[in-house]
Amino acid sequence: MVIFADADAFLDWFAALDGVFDAPPPEGDPVDLLAHGLQCADVLRARHPADLGLHLAGLVHDIGHATGDGPDHARAGADAVRPLFGDRVADLVGLHVQAKRYLAATEAYELSPASELSLGRQGAAMTRAEIEAFEARPGSADAVALRRADEAAKEVGRAVPGLATWAPRVRDYVRTR
Ligand SMILES: [Fe+2]
Ligand SMILES: [Fe+2]
């Protein structure tokens, strides 16, 4: 498992996800993990300006694809970020696949082709009982917001603020959370 000693160790590791993809086509996203995280964080900042924890959860939500900890990337990512970013960010990362299954079950949710393919492997749409259990969890609404931004963060070549913009926010958050 990846362990980040401090914010700058995390930022150095995260910067190296430039050109690293979550999975080979056709299941992988069309953008690399760095671009995907930056786009997701940017979408969340536009939609929920005051919630830095949510922005940072979006930034890091898919790092479990690169930590080498097995097929459950949501759990791997949550485990990797918990010591540095704390429980809220980690729990949102851990819930983002459940949020996708929730949205697939509760609305006409438009998924990218890659996301549609992986949904079956991740457990498909939630059942009625799973929906009720998910809605009762603290943070589930924020996890849904993250998942909506996730889907809107796969545009090749989109210009968004880079990691240099997020670095001071990451340092502030991990220092003061
Ligand atoms: Fe993911
Ligand atoms: Fe994602």
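The values are calculated or read from the model by the stated rules, or taken from the named source; none is laboratory data. Since the model is a prediction, treat every value here as computed from it, not as a measurement. Cβ placement follows ideal geometry from the backbone for every residue including glycine, while neighbour counts extend to all protein chains displayed. Keep in mind that these areas ignore ligands, DNA and RNA; they rest on the heavy atoms of the full protein, side chains included. Shrake-Rupley method; radii C 1.70, N 1.55, O 1.52, S 1.80 Å.
Give, rounded to the nearest 20 debye, the magnitude of the charge dipole that the chain has about its Cα centre when Lys and Arg contribute +1 at Cβ and Asp and Glu contribute -1 at Cβ.
380 debye
Where a ≥ b ≥ c are the square roots of the eigenvalues of the C-alpha gyration tensor, would you call segment 1-72 rounded, which needs a/c under 1.5, or, failing that, prolate if a/b is larger than b/c, or oblate?
oblate
Keeping every protein chain present and rolling a 1.4 Å probe, give me the accessible area per residue for the chain in Å². Show your work: numbers first, answer last.
Details: 8200 Å² over 177 residues.
Result: 46 Å² of accessible area for each residue.
Compute the FRET efficiency between residue 136 and residue 13 as 1/(1 + (r/R0)^6), taking r as their Cβ-Cβ distance and R0 = 41 Å, and round to the nearest 0.05.
So, using R0 = 41 Å, E works out to roughly 0.75.
Would you mind telling me the share, in percent, of accessible area of segment 23-140 contributed by carbon and sulfur at probe 1.4 angstrom? Numbers along the way, then the final one.
Numbers: 2750 of 5090 Å².
For segment 23-140, the apolar C and S fraction of the accessible surface comes to 54 percent.
Filter the DSSP H helices in the chain by two things, a Kyte-Doolittle mean of at least 0.0 and an axial alpha-carbon span of 15 angstrom or more, and list the hits by number. Please report the intermediate quantities before stating the final value.
Details: long enough: 33-47 (21 Å, 0.51); 73-85 (18 Å, 0.02); 87-106 (27 Å, 0.11); 140-151 (17 Å, -0.43); 163-176 (19 Å, -0.46).
Long hydrophobic helices here: 33-47, 73-85, 87-106.
Would you calculate, for the chain, the mean residue ellipticity at 222 nm contributed by helices, counting each DSSP H stretch of 4 or more residues as -39,500 (n - 2.57) and dividing by all residues, to the nearest 500?
-19000 deg cm²/dmol
Taking Cα pairs under 8 Å and at least six residues apart, what relative contact order does the chain come out at, in percent?
28 percent
Relative to the Cα centre, what is the charge dipole magnitude of segment 26-90, using +1 at the beta carbon of each Lys and Arg, -1 at the beta carbon of each Asp and Glu, and rounding to the nearest 20 debye? Walk me through the numbers on the way to the answer.
Working: 5 positive and 10 negative charges, 62 e Å.
Taking the Cα centre of segment 26-90 as origin, the dipole is about 300 debye.
Could you tell me which GluC sites (Glu not before Pro) in segment 41-127 are loop residues by DSSP with no more than 10 other beta carbons within 10 angstrom of their beta carbon?
Sparse-neighbourhood loop GluC sites (Glu not before Pro): 107, 110.
In whole Hz, what ³J(HN,Hα) sequence does segment 156-162 give by Karplus (6.51, -1.76, 1.60; θ = phi - 60°), x for Gly and Pro?
Along segment 156-162, the couplings run 4, x, 5, 8, 9, x, x Hz.
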